[in-house]
1. Can you give me the P(r) profile for segment 1-111? Cα pairs, bins 5 angstrom wide beginning at 0, each as a whole percent.
2. Taking R0 as 25 Å, what FRET efficiency do you get between Ser296 and Glu153 from their Cβ-Cβ distance, rounded to the nearest 0.05?
3. At Ala123 and Asp11, where each label point lies 7 Å from the Cα along Cα→Cβ, what is the point-to-point distance in nanometres?
4. Counting pairs of alpha carbon atoms under 8 Å apart in space and at least six apart in sequence, what relative contact order in percent does segment 177-330 give?
5. If R0 is 30 Å, what FRET efficiency do you get for Glu215 and His46 from their C-beta distance, rounded to 0.05?
6. Per residue, how large is the accessible surface of segment 46-168? Use a 1.4 angstrom probe and give square angstrom.
7. Pick out which of Gly74, Gly51, Gly318 has the largest mean-square fluctuation in a Gaussian network model of the chain, springs linking Cα atoms closer than 10 Å.
8. Note the full-extension length gain between Arg359 and Arg274 as 0.36 nm times their separation in residues minus their Cα-Cα distance, in nm to one decimal.
Amino acid sequence: MSGPRLFEPFDVGGLSLANRIVIAPMCQYSAENGCMTDWHLIHLGHLALSGAGVLTIEATAVVPEGRITYGDVGLWDDATEAAMKRVLDGVRAHSPMPIAIQLAHAGRKASTELPWHGGDQIAAGEANGWQTEAPSALPFGDDDAAPAALTRERMDEIRDAFAAAARRAARLGIDAVQIHAAHGYLLHEFLSPLSNDRDDEYGGTLENRMRYPLEVFDAVRAAFPADKPVTVRVSGTDWVEGGWDVAGTIAFARALEARGCAAIHVSSGGLDPRQDIPVGPNYQVPLARAVKEAVSMPVVTVGLITDFEQAEAIVATGDADLVALARTILYDPRWPWHAAAHLGGRVRAPDQYLRSQPRRFKDLFDQPDDGTY
């Protein structure tokens, strides 16, 4: 009898994963002036021992104005690069797990307070606040200040900042780049007609609204090593009538694939406070399935995937190629171990933890002879 599909190796654009489990990027809001701290070493370090296939660094701003909060990680100068290198060196010393990074710009949803302090937008004139920027001068919430509509010159600067961050990521030896075009942040704001009312070649038609996100992808793809994958995270729908939808997502996915995108990670929502999301187990899987039926590149699904059989069924039935865990793996950093034990799979564990293998799962921990993950 064959083993569980969830624990079969998988290739994403030349990057070999030990299994189909992706650790999704999860903001920690714990950086200082964009620089990673010891918290990130602890956070990423213990997730890198989880047995998942790949670990994704949280949304990393390519310019200071692109941070969601003043505590966001950045990769825009030598100081932020050096801080990230220190953390990565520490993680890699004890884990061979591949590491990806999500590059981002928060657009009109930037300049906010830390979530545990309320998360409200901070005005540009106040401490820890700045002027937000977006495709159009349309605020996210009724009480938010209007963002500055991006000029063509500023769009070029941000595009080039994405590329510069990708080059820094390459110097850091990061294995893959994910471009954040979901959850109501800048690139998603260009895609959705609810946040983009431009009257130039970057607004109006679907083709025009996709133009800038595709330009950013092209710039990142050209800046990152050709033998390493560049992927994109999208919101499959805004969950608002007249907003971004799955048909647009499919068109965008096809355009990305034609440009060399290695995989697409399908999430949803985040653009408009009016969203009406039918939250429940697998609620985003149909979006991933629709995209998977339209493209040949790997598709990642995410959202309330908590059960071992649930994750196995998603990949075994072909709804998606990989499953991404976020809150689930924060709550249970050994979720891949427990899933492997339940499903009859094998998972890599650090030598220091081999004695923790339960007697009833004597073949749970995999130890490749060559020391690879």
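The values are calculated or read from the model by the stated rules, or taken from the named source; none is laboratory data. Source: prediction; values computed, not measured. Don't worry about glycine lacking a Cβ; one is built from the backbone with ideal geometry, like all the others, and counts go over all protein chains shown. These accessible areas exclude ligands, DNA and RNA; they are computed on the full protein's heavy atoms, side chains included. Shrake-Rupley method; radii C 1.70, N 1.55, O 1.52, S 1.80 Å.
1. P(r) over segment 1-111, rounded to whole percents: 2, 12, 21, 21, 16, 13, 8, 3, 2, 1, 0.
2. Values: r = 37 Å, r/R0 = 1.48.
Efficiency at R0 = 25 Å is approximately 0.10.
3. 5.7 nm
4. Details: 287 pairs, mean separation 31.5, N = 154.
That works out to 20 percent.
5. Numbers: r = 37 Å, r/R0 = 1.25.
Efficiency computed from Cβ-Cβ geometry: 0.20.
6. 37 Å²
7. Result for the chain, Cα springs under 10 Å: Gly318 fluctuates most.
8. Numbers: separation 85, 0.36 × 85 = 30.60 nm, distance 5.11 nm.
Full extension of this stretch gives 25.5 nm more.
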